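Quick note: the coordinates plus some simple rules give every number you see, no bench work behind them. Only a predicted model underlies this, so the values are computations on that prediction, with no experimental measurement involved. Positions of Cβ are generated from backbone atoms using ideal geometry, with glycine treated the same way; all protein chains shown enter the neighbour counts.
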Amino acid sequence: MSEIDITSVASKIGGIVGPHYAASKAGVEGMMHAYAALLARDGITANAISPALVKTDMIAGVAAASPERLPVGRLGKASEVADLTVAIASNGFVTGQTVQINGGVYMT
């Protein structure tokens with residue numbers, strides 16, 4: 001069983017929405033780490049997926065949401081985030097991780 005949160009690269013670099021958004025996404029990552037520690041012995045994994053600019057309604061019409069901001073030169077696709085989510089959900093050994101899917105805008 002797994003718990004997967006969707007955070008944002010904004011939790012690491014601030015992003016384009018505002019400090020309130022970045023802070024809330026950082027809080028979700030903290031919550032995920034707590035769940036990972038609390039639930040691991042019960043066979044429940046907890047992870048987060050941290051996308052950057054993905055082509056969605058949320059960023060439609062936002063001038064700052066430009067593909068040029070990303071090293072890969074394009075916006076992410078919702079299907080790419082979905083594929084990564086399925087891969088993490090199907091792996092019972094990955095827990096307590098924030099997995100970046102951000103076109104290279106933030107590299108850890």
Note: among Glu3, Glu29, Glu68, Glu80, just one is touching a residue at least 12 places away in the same chain (Cβ under 8 Å) and over 18 Å from Asn91 (Cβ atoms), namely Glu29
Restricting attention to the stretch 1-35, the residues that are under 19 Å from Asn102 (Cβ atoms), among the hydroxyl-bearing types (Ser, Thr, Tyr) and part of a helix (DSSP H, G or I) number exactly 3
Practice problem: Could you tell me whether any residue of the stretch 33-48 is closer than 20 Å to Met107 by Cα and basic (Lys, Arg)? | Solution: no
Of the residues in the stretch 22-35 that are of a type in the set (A, V, I, L, M, F, W, C) and crowded, with 19+ Cβ neighbours inside 10 Å, the one that is farthest from Ser11 (Cα to Cα) is Met32
The correct count of residues that are in contact with a Ser or Thr (Cβ under 9 Å, 6 or more places away or on another chain) and either within 14 Å of Gln97 (Cβ to Cβ) or among the β-branched types (Val, Ile, Thr) (or both) in the stretch 40-59 is 8
Note to self: One residue is enough: does the stretch 12-20 have a residue meeting the conditions touching a residue at least 24 places away in the same chain (Cβ under 8 Å) and surrounded by fewer than 17 Cβ atoms within 10 Å (Cβ to Cβ)?
What the structure shows: yes
The correct count of residues that are surrounded by 19 or more Cβ atoms within 10 Å (Cβ to Cβ) and in a helix (DSSP H, G or I) in the stretch 36-67 is 1
Regarding Thr95, is this residue in contact with a strand residue (DSSP E or B) (Cβ under 6 Å, 6 or more places away or on another chain) and part of a loop (DSSP other than H, G, I, E, B)?
yes
